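Okay, so here's the structure we're looking at.
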Amino acid sequence: MMKEELLQKLSEIEWDDFECKATQDKLPEDVWETVSAFSNTSGGWIVFGIKQRGKQFEIHGVNNGEKTESDFLNILRNGQKFNMRLSAQGQKYNFDGKLVLAFFVPSSIVKPIYFGNPINTFIRTGSGDRRATETEVMAMMRDQTFGSKSEQVVEGTSINDLNNSSLETYRNQIRNDNPSFPYKLVVK
């Protein structure tokens, strides 16, 4: 993220891919919830050295950037805090002598990502980290075990590769089981 992009985000609100932490000397305990949430959803930026007051952000900076960066990345990589080793890409910014650190935590291909035990699995919704429900955790585990094949593109295939008879049988089953199904089930 370029410095101008960071300034633009600071003029808006925290959202599903952006979280500020006011830390100056040590990592805040709630940062691990955000790491879990970003890892389990679409990824996002964690920015250290920015304090939020109401809807406004104030740049305070971090006192020891090297220690903050080292502590954060070491905890992600050592495999003791989280159930998987994680990584993040860091950036540093200088605002009138105040050091701000930003780390992009990518969405993990292995899910769920939690710290301690699975009850500490978080997801990101809007501007907050929310504890994942048992159903959401089970869905992540199921997808991890079996994969989400419905999302994968099979190269070299097209609609013509579907068996029309099987497709029509499926459509009839939907029509019979759920007459109010909101989609038209017509073969073109």
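The values are calculated or read from the model by the stated rules, or taken from the named source; none is laboratory data. Owing to the predicted nature of the structure, the values given are computational and were not obtained by experimental measurement. As a convention, Cβ positions derive from the backbone with ideal geometry for all residues, glycine included, and neighbour counts pool all protein chains shown. These area figures cover heavy atoms from the full protein model, side chains too; ligands, DNA and RNA do not enter into them. Shrake-Rupley method; radii C 1.70, N 1.55, O 1.52, S 1.80 Å.
Based on this model, can you work out whether Ser42 counts as in contact (Cβ under 8 Å) with a residue 40 or more places away in the chain and open to solvent by 50 Å² or more (accessible area, probe 1.4 Å)? Taking the combined requirement at face value, the residue satisfies it. Taken over the range 76-86, residues that are open to solvent by less than 50 Å² (accessible area, probe 1.4 Å) and over 18 Å from the mean Cα position of the chain (by Cα) amount to 1. Looking across Thr121, Thr133, one residue alone is modelled with pLDDT of 95 or more, open to solvent by 60 Å² or more (accessible area, probe 1.4 Å) and closer than 29 Å to Lys21 by Cβ. It is Thr133. Within the range 95-106, the set of residues being surrounded by fewer than 15 Cβ atoms within 10 Å (Cβ to Cβ), within 26 Å of Ile13 (Cβ to Cβ) and not charged (D, E, K, R) comprises just one member, Pro106. A single entry from Ser11, Ser39 fulfils the requirement of being within 16 Å of Ile123 (Cβ to Cβ) and hydroxyl-bearing (Ser, Thr, Tyr): Ser39.
Listed by first and then second residue, the pairs linking a residue in the range 61-81 that is of a type in the set (Lys, Arg) to a residue that is part of a helix (DSSP H, G or I), with Cβ atoms under 8 Å apart and 6 or more places separating them unless they lie on different chains, are Lys81/Trp32; Lys81/Ile75.
One residue stands out in the range 15-39 among those that are of a type outside the set (D, E, K, R) and farther than 21 Å from Asn117 by Cα: the one that is most open to solvent (accessible area, probe 1.4 Å), namely Trp15. Sub-7 Å Cβ pairs linking a first residue in the range 10-33 that is under 14 Å from Asn63 (Cα atoms) to a second residue that is open to solvent by 80 Å² or more (accessible area, probe 1.4 Å) and among the polar types (S, T, N, Q), at least 6 apart or interchain, are Gln24/Asn63; Asp25/Asn63, ordered by first then second residue.
When Phe57, Phe48 are checked against the criterion of being more than 13 Å from Asp129 (Cα to Cα), touching a strand residue (DSSP E or B) at 6+ places or on another chain (Cβ under 6 Å), aromatic (Phe, Trp, Tyr) and open to solvent by 10 Å² or more (accessible area, probe 1.4 Å), Phe57 stands alone in meeting it.
Scanning the range 145-171 for residues that are at pLDDT below 85 and in a helix (DSSP H, G or I) turns up Thr145, Phe146, Lys149, Ser150, Glu151, Ile159, Leu167, Tyr170, Arg171.
So, Gln89, is that one under 15 Å from the mean Cα position of the chain (by Cα) and open to solvent by 50 Å² or more (accessible area, probe 1.4 Å) or not? So Gln89 fits the description; yes. Can Ser70 be described as modelled with pLDDT of 95 or more, hydroxyl-bearing (Ser, Thr, Tyr) and open to solvent by 30 Å² or more (accessible area, probe 1.4 Å)? Here the answer is yes, as Ser70 does meet what is asked. Residues in the range 14-55 that are under 17 Å from the mean Cα position of the chain (by Cα) and of a type in the set (Val, Ile, Thr): Val31, Thr34, Val35, Thr41, Ile46, Val47.
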